[in-house]
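The values are calculated or read from the model by the stated rules, or taken from the named source; none is laboratory data. Predicted, not measured: the structure shown is a model, and the values here were computed from it. Positions of Cβ are backbone-derived with ideal geometry, glycine not excepted, and every protein chain shown enters the neighbour counts. Protein only, heavy atoms only, side chains kept; ligands, DNA and RNA dropped before computing areas. Shrake-Rupley method; radii C 1.70, N 1.55, O 1.52, S 1.80 Å.
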Amino acid sequence: MLGGVFLVSFSLIAFEIALSRLLSVLLSYHYVFAVLALALLGLGGGGIFLHLFHRNGCKEKKPSGDFPFWATIFALTVSFSVILGLRVGASFRALDNIFFYGLLFLIPFFFVGILLARVYREFPADSGKIYGFDLVGAACGSFGYLLLLDLLGVISAIFLLGLLSSVAALLLAGMQPPGKKKWIIPIFGFMMLALVFGAERGGFYEPSIPIGKNPAKEIHDVLYGPSIRGGIVETRWSAFGRTDLVKLLDYPEQMDIYLDGTAGSPMYRFTGDAGSPGPVIEGLKTTFPGYFPFLSLREEEKDDVLIIGPGGGRDVLLALMGGVRNITAVEVNKDLVDMVRRHSLFNGGIYRDLKNVQVVVEEGRHFLKRHKGNYDLIMLSLPVTNTSRSLEGFALTENFLFTTDAIADYWGHLSEEGRLLVVAHDDIEALRLLSLSLAFFRTNGVDEKQAMRHIYMVGSEDYLVFALKKKPLDHQETAFLYQAMHPLGYNPGISFFPGVRASLNPALVALERGEKTAAELRALVKERGYDIDPVSDNNPFFYKFEKGLPKSVSLVLWVSATLLLLVAGVPLFKQRNYPRSLPGNRPNRRRPLFRVVLLFAVLGVGFMLIEISLMQRFSLFLGSPVLSMAVLLSSLLAGAGMGGLWSKRLMTPTQTTRGIARASLWVAVIVLGYTVVLPLILDQLLGLSFAVRIGIVVALLLPLGFCMGIPFPSGIRLLQKIHMEPLIPWMWGVNGLGSVLGSTLTIAIAIRFGFTEAMIASAALYLVVFALFRTPALAELPAE
C-alpha cells in the first residue's frame, strides 16, 4: 500500500507540473493559472464524493478492494485526458478553454482524490506512515519531472506518469486476498497505458499539440496568419518549456524563436563581421529603436555591455554594430542558446565563434547580483516570456527583472557614465519603468524633478525605449538625440528628453518641471484603466497592468472560497454527519467538530501560503527558475513527509492534540523568523557555489517542512480517537479546497501587499490552530 501511495503521489505532482508546461503552450499564462486551480478542486471533490456515496467503507474489517480500481481510473485519465484535450480543446474559443480544460483535467485529480481519501479513511491509525510516503513521493516527483521532461518531452512524460500510476494500481492489488479477479482491472490499465506509451515512443502514434491555434499566441500569426508564412523547423522540449525555431518563407534572412508559442525573438542571417553584417541587419539601425541609444555613446562608454534576455541575438548584433568591445549576454533559456549555437552557419556563430561575446545561461537578475563588475550599458530588450515557471502558474519567469530592487541592482552595476536601456512593447510598460525608477530615486533622497534629468524615452509605433543614465543627461546629448529621432520617424508625442522644450510627452515634461507628481501621473494612467504603481521584489508583478486583482485570480478566489465555506459548513449544521455512536452528550459534539473542520481548512490554506511565498523568496537566491522550484518543493515536502512519519509517535488523544498545537506554534515561529532573517542573509550568501546554496535552502526548509507535516496525519488519527473516522474523506475534501484557496489567496495578498505579508498571514493561521488545540479538550472525549 505504501509503495502504491508513493507512486501515486510521485505521478500526481509530476503530472501537475507537466500539465502546467503543456497548458502554457496552449493558453495564455493567466488562463493557465485558472485552469490549474479549477483542476485541483478535483482533489477535494474526490473526498467529498467518497463521503457522500461510500459512507460505509470504514466499517469493513479487511482492506478495501476498490483501491486498485480508483488507482487504475486515475492512471487512465492522466493519459487520456491529455489525448482528449489535444484533440478537442483547440476548437474552442480562448474564453471557453478555461472551463473546458479546467473540467477535463479536473477528472484525474478527482479520482486520485477519491483514492487517497479512501486510503486515509481505511487506515487512520497509520496516517503518519501514509502521509509520510505520500509527501516523500511528491518530493521525488518534484525532481523527477525535471528528468522526464528533459529526456522525453511533455507528452511522453505524461504518458509515462500514467503508466507509473498503473504500476501503483498493481501494488495496491497485491494487498488484496489471493484470487485472480483482483488483477483484471489493474492489468488491463497497465497494458492499455503501456501500449499508448510504446506507440508514442515508437512513432506509431504522434499526438499533435495545436501550437499556434490560439490567436492570443504570437506564433499564431506566423503559422496561420494571412500576411506571414512560416513553418516550424526545430522543436525542443524541456522542463523549462517548449522552444520552437520557425523559418519565415517570405523572409529568408530571418528565423524566429518562440518559447511556449510566445516571446518571439528573431535570429538573423549574419556574416560574422559587424562591419558588413548584411542589409537586413544593417537596416536594424533605422527600423528598430533598440539601436537608437548607441548613437550618442562615446568611445569610452563602449567597453562593457550586459544584455539580459538576448534571445536569438538581435541585441548582440546591435551592440556589435554600435562598436561595443565586450558583450556579456545572459539568457535564462538553455534550449534557446543551444538552438542558436546549432544554427551557427546561419547566424554567423554569434553565440559560439565571436571572441568578444560571452553567453551565460542563467536568470539575469541572479547573475547580476552575483557579479561584481560594472557595465557601461545594461540592456533588456523585450525580455518577457509571458509564461510562468511557478507551481501555481501565475508568477512570470521574468518578474524579478523589473522591480524597484532590480533598478537598484542595475544602478549599482553601472559605470560612472553607464546607463540602463529597456526596449518596451508599449507606453504602459515604459511608464511603469518610469514609476519604478522614480520610486528608486525617492528612496535615495532624490526628488522627481531632479530624477527626470537622468531619464529619456523615445518611441516608434511598435516599441518604446526607456533609458536611465547614472549621471544627469547634459543638454548637448539630449539635443543631439532629439534631432536624431526625427529622420527615423519616431513619435515626439510619446517621447521625452530632459531640458528639451519641444512638442514632447506633456505628462513627462510636467514631471520634469515639477508641475505634476508621480502620484498624479499614476492616477491619470489609472483613469485609462491601467495600473503602473511601483512594484518590489516583495510583490514582483510588473506585467500586471489591470487595476485590482486580475480576473482569473478573482474568479478562482471567489469560487474556491465559496466552495470551502459550503463544504466546511455542512458537517457543522447537518446532524446526520455525526456518527450515532459518538460518546458523550450531544451538546459537546459541535464544539470538537468545529475545531477539527477548522484544523483541516486552515492547514490547506496555510500550507500553500507558505509554499508559494517561499518559492518566490528563494527563486532569486538559487537562480534557475525550474531547478529552484524542484529544490524548494522537494525540500519542503520531504520535510513534511518526515514530520508525518514522526507523528505516529503521538499515540493518545492528549499527545495528539498537544502535538498538533506545538507543531503549529513552531511553524508560526519559524515562518515569522524567516520573514525577518531571510531578507538580511540571502543576498550575503549569493557568492557561494550553487551546491552550497542548495544545501542552505534544504537546511532551512527541512525543519519547517517537518513541523508542517505533523498536524495533518495527527488530525486524521484524532478523528479516529474521537470516533469521527467517517468524516475523514470530508476533511480530506476540506483540506483540498483549502489548498486551492491558499494558492490563490497567496497571489491575491502578494499583489495587494507582498509575499512577506502572505507569510505573516500563514503564521497567523497556524497560531489559530495552536490556540484551538493547546488545551487537550478534544482528548477528554471518551476513546475506544
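Here are the numbers:
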{"quantity": "Within region 407-425, considering residues that are open to solvent by 10 Å² or more (accessible area, probe 1.4 Å) and either aliphatic (A, V, I, L, M) or within 31 Å of the chain's Cα centre (by Cα) (or both), the one farthest from Lys302 (Cα to Cα)", "calculated": "His425"}
{"quantity": "Long-range neighbours under 9 Å by Cβ, at least six apart or interchain, first residue farther than 19 Å from Leu259 by Cβ and free of Cβ contacts under 8 Å to residues at least 60 places away in the same chain within region 219-232, second of a type in the set (Asp, Glu) and open to solvent by 30 Å² or more (accessible area, probe 1.4 Å)", "calculated": "Ser227/Asp221; Ser227/Asp250; Arg229/Asp250"}
{"quantity": "Residue within region 81-94 that is open to solvent by less than 40 Å² (accessible area, probe 1.4 Å), at pLDDT below 75 and aliphatic (A, V, I, L, M) present", "calculated": "yes"}
{"quantity": "Residue in region 549-560 that is open to solvent by 60 Å² or more (accessible area, probe 1.4 Å), at pLDDT below 85, assigned to a helix (DSSP H, G or I) and aromatic (Phe, Trp, Tyr) present", "calculated": "no"}
{"quantity": "Complete set of residues in region 498-535 that are of a type in the set (S, T, N, Q) and either touching a His at 6+ places or on another chain (Cβ under 9 Å) or open to solvent by less than 50 Å² (accessible area, probe 1.4 Å) (or both)", "calculated": "Asn505"}
{"quantity": "Qualifying positions in region 236-257 - over 24 Å from Ala630 (Cα atoms) and in contact with an Asp or Glu (Cβ under 6 Å, 6 or more places away or on another chain)", "calculated": "Leu245, Val246"}
{"quantity": "Total residues in region 597-614, condition surrounded by fewer than 23 Cβ atoms within 10 Å (Cβ to Cβ) and farther than 18 Å from Leu41 by Cα", "calculated": "1"}
{"quantity": "Among (1) part of a helix (DSSP H, G or I); (2) surrounded by fewer than 16 Cβ atoms within 10 Å (Cβ to Cβ); (3) among the small types (Gly, Ala, Ser) - the single one Gly189 does not satisfy", "calculated": "(2)"}
{"quantity": "Options Phe466, Phe394, Phe441: the member that is modelled with pLDDT of 90 or more and over 19 Å from Ile307 (Cα atoms)", "calculated": "Phe441"}
{"quantity": "Only one of Ile107, Ile114 that is modelled with pLDDT of 85 or more, open to solvent by less than 30 Å² (accessible area, probe 1.4 Å), part of a helix (DSSP H, G or I) and among the β-branched types (Val, Ile, Thr)", "calculated": "Ile114"}
{"quantity": "Condition met for Leu772 (part of a helix (DSSP H, G or I), crowded, with 24+ Cβ neighbours inside 10 Å, at pLDDT below 90 and not acidic (Asp, Glu))", "calculated": "no"}
{"quantity": "Test set (1) part of a helix (DSSP H, G or I); (2) under 23 Å from Gly290 (Cβ atoms) - Leu468 fails condition number", "calculated": "(1)"}
{"quantity": "Boolean, Leu164 is crowded, with 19+ Cβ neighbours inside 10 Å, aliphatic (A, V, I, L, M) and touching a Ser or Thr at 6+ places or on another chain (Cβ under 7 Å)", "calculated": "yes"}
{"quantity": "Some residue of region 294-308 being in contact with a Lys or Arg (Cβ under 7 Å, 6 or more places away or on another chain) and open to solvent by 30 Å² or more (accessible area, probe 1.4 Å)", "calculated": "yes"}
{"quantity": "Test: residue in region 702-717 that is in contact with a Phe, Trp or Tyr (Cβ under 8 Å, 6 or more places away or on another chain), modelled with pLDDT of 90 or more, open to solvent by less than 20 Å² (accessible area, probe 1.4 Å) and not in a helix (DSSP H, G or I)", "calculated": "yes"}
{"quantity": "Lone qualifier among Ala157, Ala125, Ala138 - being closer than 15 Å to Leu43 by Cβ and either touching a helix residue (DSSP H, G or I) at 6+ places or on another chain (Cβ under 8 Å) or crowded, with 20+ Cβ neighbours inside 10 Å (or both)", "calculated": "Ala138"}
{"quantity": "Region 354-375, subset in contact with a Gly (Cβ under 7 Å, 6 or more places away or on another chain) and open to solvent by 20 Å² or more (accessible area, probe 1.4 Å), residue farthest from Lys470 (Cα to Cα)", "calculated": "Glu362"}
{"quantity": "Checking Glu461 against (1) modelled with pLDDT under 90; (2) open to solvent by less than 40 Å² (accessible area, probe 1.4 Å), the condition it does not meet", "calculated": "(2)"}
{"quantity": "Looking only at region 648-671, and only at residues there that are of a type in the set (S, T, N, Q) and part of a helix (DSSP H, G or I), the one that is modelled with the highest pLDDT", "calculated": "Ser664"}
{"quantity": "Hits in region 638-651 - residues which are under 16 Å from Gly705 (Cβ atoms) and either open to solvent by less than 10 Å² (accessible area, probe 1.4 Å) or free of Cβ contacts under 8 Å to residues at least 24 places away in the same chain (or both)", "calculated": "Gly639, Ala640, Gly641, Gly643, Gly644, Ser647"}
